[in-house]
Amino acid sequence: MYASREDIGYDFGDDSKVGSKPIKPNPNIDGGWAWMIVLSSFLVHILIMGSQMALGILNMEWLEEFNQSRGLTAWVSSLSMGITLIVGPFIGLFISMCGCRKTAIIGGILNALGWILSAYASNVHYLFLTFGVTAGIGSGMVYLPAVVMVGQYFQKRRALAQGLSTTGTGFGAFLMTALLKYLCTEFGWRNAMFIQGAISLNLCVCGALMRPLSLKDVSEKYVVRSNSEDNQAKALSHSTETIKSNGVLSEELGKKEEATNEEVLDSIQHIETGGKSRSGRNIHGLRILKTVSQLTVTVRKGFAIWYSSYFGAASLFTNRVFVAFIIWALFAYSSFVIPFIHLPEIVKQYNLSRQNNIFPLTSIIAIVHIFGKVILGIISDLPCISTWNVFLMANFTLVTCILTLPLLQTYVGLAVVCALIGFSSGYFSLMPVVTEDLVGIKHLANAYGIIICANGISALFGPPFAGWIYDITQKYDFSFYISGLLYMVGIIFLLIQPCIQKKQPGEKSTEEAQV
């Protein structure tokens with residue numbers, strides 16, 4: 001394991017040109033407006049993730065309304081939850097072109113539109129398009145910026161900030177479940193979805209709060225981080241140094257292209273100034289041309305950054321630890337979702353319904369999950385504690401609970417294991433922090449987009465796979481065992497790759513070879 005989280009630092013930029021002059025700390029980093037960003041992200045998690053956790057209320061209404069099979073109807077909520085995460089890499093493109101604020105505002109409008117259009121659904125297939133796809137894409141366009149902005153505004157207390165913001169999922173699960181149940185009872189499910197669509201417009205307000213940091217603020221954060229990582233630079237592998245050099249090359253090419261585009265815009269502005277005395281129509285045409293040129297420059301620059309992150313010389317996939325992180329994400333999320341789906345049936349099978357009705361096991365997971373995110377965030381921010389090691393220990397605890405849960409047949413035993421599942425799954429708040437440590441803040445949006453895409457695939461296909469296993473074996477035990485073993489495979493990948501990445505004795509890095 002790593003001794004500190006800086007040991008897995010993986011930056012694509014060249015910080016060697018950054019001077020060592022003392023930098024005045026910016027009040028917006030780890031304080032000031034940064035806490036408004038946390039509030040915004042907290043509300044986003046309530047409105048998006050909380051609403052998705054409460055879709056069981058609407059699922060019952062859809063079953064009664066459309067008289068379709070449970071499997072077909074369940075795909076509506078599965079599509080919404082899966083697409084929210086799967087579109088992550090493409091949302092990274094929007095962030096590169098438009099920024100987090102505009103992306104989140106557009107996503108808020110799209111999410112609200114999906115809810116409102118779903119109120120007029122005539123069949124389940126209509127809901128696939130309006131709620132599953134439209135609202136799902138809108139949710140993804142708000143969710144990713146909410147996570148990325150917290151990473152941009154925090155340096156010393158990143159894990160705590162992410163933990164506080166992601167607790168909105170737990171609070172939202174309780175609030176939105178109660179709200180949707182009340183709205184469906186009082187006004188019917190169609191009006192409930194219409195009202196929920198109006199409430200979702202508050203996502204636009206959350207997006208408006210995502211004020212971007214100035215270039216000066218970002219550079220100051222880079223200086224602080226690069227100074228703290230200088231002592232660990234020799235521990236980086238040869239592949240890391242290669243990516244750094246490639247990243248610098250792509251940045252230089254980008255600067256040349258940007259300079260060329262600026263020359264074009266300046267020439268257009270010059271022609272516009274000279275044309276004022278000629279014709280008003282020509283001036284109007286030149287202004288349109290200038291606007292289109294500026295938009296083209298923005299789109300090309302954003303697409304170049306997005307493309308280089310995935311397919312260019314500085315591709316994220318050349319980082320072996322990050323690739324192992326993706327493989328882990330493919331198996332991890334379903335192991336957390338499956339207990340929520342199968343626990344009620346297990347309780348019924350063991351005749352524990354009376355105790356479970358008093359205090360449901362799924363509620364135990366949800367409540368402890370909130371505290372787990374905050375506590376693990378506080379622990380990870382301690383100077384002597386490694387975020388990477390806390391992340392791995394939480395994963396080991398969770399996979400152990402998943403494998404042992406089918407062996408327990410008493411309510412007390414199941415309650416203890418569910419509490420451990422809820423606490424250890426608090427590592428979700430550490431995922432953006434670990435991702436940022438692996439790839440750097442510049443590539444956080446694209447990298448985390450890939451991670452949540454892998455989680456989305458796991459959430460989309462994991463529960464149906466578990467149901468298929470039950471249909472074959474007529475036992476829920478094998479669903480936990482198979483998902484737990486696949487989860488363990490992902491954890492093993494996380495353990496093996498860092499060992500491969502470590503430099504062998506006597507091996508020289510690229511910088512040392514050049515010297």
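The values are calculated or read from the model by the stated rules, or taken from the named source; none is laboratory data. The structure displayed is predicted, hence computed values, not measured ones. For neighbour counting, all protein chains shown are included, and Cβ atoms are generated from backbone atoms with ideal geometry for every residue, glycine included. Heads up: the accessible areas ignore ligands, DNA and RNA and are worked out on the full protein's heavy atoms, side chains in. Shrake-Rupley method; radii C 1.70, N 1.55, O 1.52, S 1.80 Å.
Considering only residues of region 86-118 that are of a type in the set (A, V, I, L, M, F, W, C) and touching a Cys at 6+ places or on another chain (Cβ under 6 Å), which is farthest from Gly188 (Cα to Cα)? This residue is Ile86. Scanning region 185-206 for residues that are of a type in the set (A, V, I, L, M, F, W, C) and outside any helix (DSSP H, G or I) yields a single hit, Leu201.
A quick yes/no check of all residues on (1) within 28 Å of Glu65 (Cβ to Cβ); (2) of a type in the set (A, V, I, L, M, F, W, C); (3) assigned by the TED database to the domain that holds Leu55; (4) touching a Lys or Arg at 6+ places or on another chain (Cβ under 6 Å):
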{"residue": "Gly151", "(1), (2), (3), (4)": "no, no, yes, no"}
{"residue": "Leu160", "(1), (2), (3), (4)": "no, yes, yes, no"}
{"residue": "Gly170", "(1), (2), (3), (4)": "no, no, yes, no"}
{"residue": "Ala178", "(1), (2), (3), (4)": "yes, yes, yes, no"}
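Taken as a whole, region 144-157 holds no residue that is in contact with a helix residue (DSSP H, G or I) (Cβ under 6 Å, 6 or more places away or on another chain) and of a type in the set (D, E, K, R).
Entry remark, region 89-120: residues being open to solvent by less than 50 Å² (accessible area, probe 1.4 Å) and under 15 Å from Met149 (Cβ atoms) number 10 in total. Filtering region 156-184 to residues that are part of a helix (DSSP H, G or I), at pLDDT below 90 and of a type in the set (Ser, Thr, Tyr) leaves Ser165, Thr166, Thr169, Thr177. Checked against the criterion of being modelled with pLDDT under 85 and not assigned by the TED database to the domain that holds Gln155, the candidates Gly422, Gly449, Gly426 yield just one match: Gly449.
The condition of being under 21 Å from Ser200 (Cβ atoms), open to solvent by 10 Å² or more (accessible area, probe 1.4 Å) and not hydroxyl-bearing (Ser, Thr, Tyr) holds for only one of Leu129, Leu144, Leu160, Leu72, that being Leu129.
The single condition from (1) in a helix (DSSP H, G or I); (2) within 23 Å of the chain's Cα centre (by Cα); (3) at pLDDT below 70; (4) not polar (S, T, N, Q) that His270 fails is (2). A count restricted to region 35-62 and to residues that are aliphatic (A, V, I, L, M), modelled with pLDDT under 85 and part of a helix (DSSP H, G or I) stands at 4. Considered as a group, the residues in region 168-195 that are within 23 Å of the chain's Cα centre (by Cα) and buried (at least 22 other Cβ atoms within 10 Å of the Cβ) include one that is nearest to Ser40 (Cα to Cα), and that residue is Gly168.
Scanning region 441-454 for residues that are open to solvent by less than 10 Å² (accessible area, probe 1.4 Å) and not aliphatic (A, V, I, L, M) returns Asn446, Tyr448, Gly449.
For region 431-442, does any single residue satisfy the condition of being under 15 Å from the mean Cα position of the chain (by Cα), closer than 16 Å to Met81 by Cβ and not charged (D, E, K, R)? Looking for residues that are under 15 Å from the mean Cα position of the chain (by Cα), closer than 16 Å to Met81 by Cβ and not charged (D, E, K, R), one finds none in region 431-442, hence no.
Given the criteria in the same structural domain as Val489 (by the TED database), among the basic types (Lys, Arg) and farther than 23 Å from Ile46 by Cα, does Lys348 qualify? So Lys348 fits the description; yes.
So that you can scan it fast, the table gives a plain yes or no per residue for (1) over 17 Å from Ile48 (Cβ atoms); (2) polar (S, T, N, Q):
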| position | (1), (2) |
| --- | --- |
| Leu93 | yes, no |
| Ser96 | yes, yes |
| Lys102 | yes, no |
| Gly107 | no, no |
| Leu110 | no, no |
| Thr134 | no, yes |
| Ser139 | no, yes |
| Ala146 | no, no |
| Lys156 | yes, no |
